[in-house]
Every structure is written in C-alpha cells, then in structure tokens.
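A.B. asks: Right, I'll just put the structure down here and ask away after.
The values are calculated or read from the model by the stated rules, or taken from the named source; none is laboratory data. Values in this document were obtained by computation on a predicted structure and should not be read as measured data. Virtual Cβ from ideal backbone geometry, glycine too; neighbours counted across all protein chains shown.
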Amino acid sequence: MVPIASKTDQAPCGQIVECEIFEDQDEEVLITQESIYACGCVSLRHEYHDGSVSLRVVHHNGTVLVDNLLGAE
C-alpha cells in the first residue's frame, strides 16, 4: 500500500484525530483504500472492476460498524 495522505479527520468513533490514508491497486481489486486513524479505528474500501464496492469500518474497540457490499456506484 502506498500512503497518499495524512490529515486530521473525524474517525468512525467520532473523535477528531490524525488519519493516514493508503491506496493500492491489483489484478482482483481496482482500488483499495485504507484509512487508519490515530485512535485505532480503521476504514477499508475496495472498488472492484465491475463497479461494486465493499466497505468495512472497525471502531478502535474492535466493534465492526459497517461490513457490506454496497453494489455499483
């Protein structure tokens, strides 16, 4: 994964913290974007070649907040 940005942002838990954003591309997934927050929350987004998108958001306590296939965008 390649770091593309570092900024202050609102984490899934609601805290305003530093966030590092990484992006990667491979044969199976068109784009993978991972946001890692200083509090420990994580957001992982996969965009596939067919236009479908999956999103997984995990709170810093380990609770999965979002885990779904969103469909075509």
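A.B. asks: Within the stretch 10-21, can one find any residue that is of a type in the set (Asp, Glu) and part of a loop (DSSP other than H, G, I, E, B)?
C.D. replies: no
A.B. asks: Being among the aliphatic types (A, V, I, L, M), touching a Leu at 6+ places or on another chain (Cβ under 6 Å) and modelled with pLDDT under 95 narrows it down to one residue among Val53, Val57, Val2; which is it?
C.D. replies: Residue meeting the stated conditions: Val53.
A.B. asks: Any residue that is modelled with pLDDT under 95, over 12 Å from the mean Cα position of the chain (by Cα) and among the basic types (Lys, Arg) - is there at least one of those in the stretch 34-45?
C.D. replies: No, the stretch 34-45 has no match at all.
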